[in-house]
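Working notes, beginning with the structure itself.
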Amino acid sequence: MDQATYSPLIATKLHIPTYGSDLLHRHQLVEEIDEVGMARVILICAPAGFGKTTAVSQWISSAGKPAGWLSLDESDSDPARFWRYLAKAISAGQKEAGREPSASLDLSYTASADHLLSVLLEEIAAIHTDYYLVLDDYHLIKEPSIHEGMQTLLQHASPFLHVILITREEPPLSLHRLRVRKQLGQLGSEQLRFNEKECHRLFNELMGLNLSYEVIQLLSKRTEGWIAGLQLAALSMQGKAASAVELHSFSGNDKYVVDYLTEEVLKRLPEPVQHFLLKTSILPRLSGELCAAVAKEPEAHVILQMLARTNSFVVPLDGVNEWYRYHHLFADLLNAHLRKKYSEQLPALHVAASQWFESHGWPMEAIEHALMGNDRACATRMIVEHAP
């Protein structure tokens with residue numbers, strides 16, 4: 001008998017997060033969630049620090065929706081533990097919807113995950129009012145049988161149950177079926193990022209920093225509307241007079257940004273992927289072939305697709321998953337790590353990039369990388385060849 005399976009549940013994991021009055025209320029985003037609020041599954045998918053949890057919490061609070069909430073962690077990949085927690089979250093949602101759940105959901109243990117799943121479906125079918133089940137940090141669930149169980153639940157549950165998945169990456173569920181049936185609502189980083197108006201409210205109304213329009217516009221561009229980045233920028237500015245000139249230096253090398261991105265993004269990736277990121281950070285745009293040539297990594301295209309899929313601050317530049325770039329602040333961080341860790345390899349990396357660009361007919365990029373790699377002879381030759 002696994003003691004972890006039968007251990008008491010942690011009540012705080014089942015509480016809807018609440019925030020103080022100093023939190024910026026995002027009316028437009030709440031309305032966007034409301035537009036997809038009747039979908040069977042609502043997918044809130046974006047990188048770390050984009051305010052996913054806060055947005056859903058605000059929506060539930062402002063819309064007055066009955067909801068059960070489950071904040072997941074790595075230990076919840078145990079099936080029996082996961083389904084026990086899910087039963088409790090559904091039970092809370094039912095109470096909010098005005099129905100007292102049956103005793104079958106109030107289990108301290110379960111004979112099997114399959115048995116509890118059938119009990120859950122029976123319970124869900126008994127309520128005829130719309131209510132919501134929120135699973136926060138769903139990307140931490142790695143056990144395939146749990147995803148299979150969730151697929152079964154989504155397929156057979158009553159239409160009154162709406163599941164909100166908050167995650168850093170798309171879950172391994174049959175989302176394409178839900179899209180075809182128009183049962184999937186989805187919000188990503190494009191909807192979640194702060195616009196300039198929200199940046200103004202954050203810095204001047206909530207934080208009282210009294211920044212000029214020029215400074216706010218600059219910060220919005222540097223952070224690309226990344227909420228954690230904006231908050232970290234505000235921390236860096238506390239007690240200082242912020243000017244546009246000073247803020248040009250705000251980058252991924254800022255102490256707060258370095259700490260956040262290193263802990264929340266870089267360290268969570270496998271070591272070979274970290275090396276790949278550092279070596280390719282010299283490139284303003286990325287493709288599988290180019291990265292393979294620079295990082296000497298034959299699986300470069302697969303790695304780029306994985307990074308984009310898991311929302312690891314890699315931004316697609318086209319609709320065919322061929323070209324990408326790193327988020328500006330993430331690129332700054334990677335470049336700083338590169339100079340510390342692989343400084344002696346920098347010239348060779350630039351020369352490899354130069355050779356690739358030249359062979360593919362991009363002389364300007366080839367010349368730039370040749371100069372950065374101190375290959376002046378090659379740069380001179382290309383300049384002479386292409387000067388006319």
Residues being in contact (Cβ under 8 Å) with a residue 24 or more places away in the chain and more than 30 Å from Trp226 (Cβ to Cβ): count how many of those fall in the stretch 147-178.
10
Within the bounds of the stretch 309-318, is there any residue that is of a type in the set (Ser, Thr, Tyr), at negative phi and either in contact (Cβ under 8 Å) with a residue 24 or more places away in the chain or in the same structural domain as Glu170 (by TED's automatic domain parsing) (or both)?
yes
Residue satisfying condition, being closer than 22 Å to Lys95 by Cβ, of a type in the set (A, V, I, L, M, F, W, C) and touching a Gly at 6+ places or on another chain (Cβ under 8 Å), within set Val134, Val163
Val134
Condition set of a type in the set (Asp, Glu) and part of a helix (DSSP H, G or I), scope the stretch 285-335, selection farthest from the chain's Cα centre (by Cα): answer is Glu289
Name the residue, out of Gln231, Gln238, Gln186, Gln217, that is among the polar types (S, T, N, Q) and at pLDDT 90 or above.
Gln186
In this structure, is Gln186 in a helix (DSSP H, G or I) and in the same structural domain as Trp83 (by TED's automatic domain parsing)?
no
Note on the stretch 306-338: residues charged (D, E, K, R) and within 22 Å of Tyr256 (Cβ to Cβ) are Asp332
For the stretch 47-67, the count of residues that are over 29 Å from His156 (Cβ atoms) and in contact with a Gly (Cβ under 8 Å, 6 or more places away or on another chain) equals 1
What are the residues in the stretch 206-217 that are surrounded by fewer than 20 Cβ atoms within 10 Å (Cβ to Cβ) and either free of Cβ contacts under 8 Å to residues at least 24 places away in the same chain or under 24 Å from the mean Cα position of the chain (by Cα) (or both), if any?
Gly208, Asn210, Tyr213, Gln217
From the list Ala353, Ala300, which residue is buried (at least 20 other Cβ atoms within 10 Å of the Cβ), in contact with a Cys (Cβ under 9 Å, 6 or more places away or on another chain) and not basic (Lys, Arg)?
Ala300
Against the definition (modelled with pLDDT of 90 or more and under 18 Å from His15 (Cβ atoms)), how does Ala55 come out, yes or no?
yes
With a cut-off of at least 1 residues that are closer than 30 Å to Val314 by Cα, name the helices (runs of 4 or more DSSP H) lying wholly within the stretch 9-99.
27-35, 52-63
Quick check, is Pro171 at pLDDT 90 or above, more than 21 Å from Val56 (Cβ to Cβ) and not hydrophobic (A, V, I, L, M, F, W, C)?
no
Checking Arg325 against (1) at pLDDT 90 or above; (2) crowded, with 20+ Cβ neighbours inside 10 Å; (3) out of contact with any Ser or Thr (no Cβ under 9 Å at 6 or more places or on another chain), the condition it does not meet
(2)
Among the residues of the stretch 81-92, is there at least one that is in contact (Cβ under 8 Å) with a residue 12 or more places away in the chain, within 21 Å of Ser189 (Cβ to Cβ) and of a type in the set (A, V, I, L, M, F, W, C)?
no
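The rows are residues; the columns are (1) modelled with pLDDT under 85; (2) within 28 Å of the chain's Cα centre (by Cα); (3) surrounded by 14 or more Cβ atoms within 10 Å (Cβ to Cβ); (4) not assigned by TED's automatic domain parsing to the domain that holds Ser71.
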residue: Trp83; (1), (2), (3), (4): no, yes, yes, no
residue: Ile127; (1), (2), (3), (4): yes, no, yes, no
residue: Asp136; (1), (2), (3), (4): no, yes, yes, no
residue: Ile141; (1), (2), (3), (4): no, yes, yes, no
residue: Thr152; (1), (2), (3), (4): no, yes, yes, no
residue: His156; (1), (2), (3), (4): no, no, no, no
Residue hits (the stretch 356-388; part of a helix (DSSP H, G or I), out of contact with any Lys or Arg (no Cβ under 8 Å at 6 or more places or on another chain), crowded, with 19+ Cβ neighbours inside 10 Å and small (Gly, Ala, Ser)) are Ala366, Ala379
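The values are calculated or read from the model by the stated rules, or taken from the named source; none is laboratory data. Quick caveat, the model's predicted, so the values are computed rather than measured. Cβ: placed from backbone, ideal geometry, glycine included. Neighbour counts: every protein chain shown.
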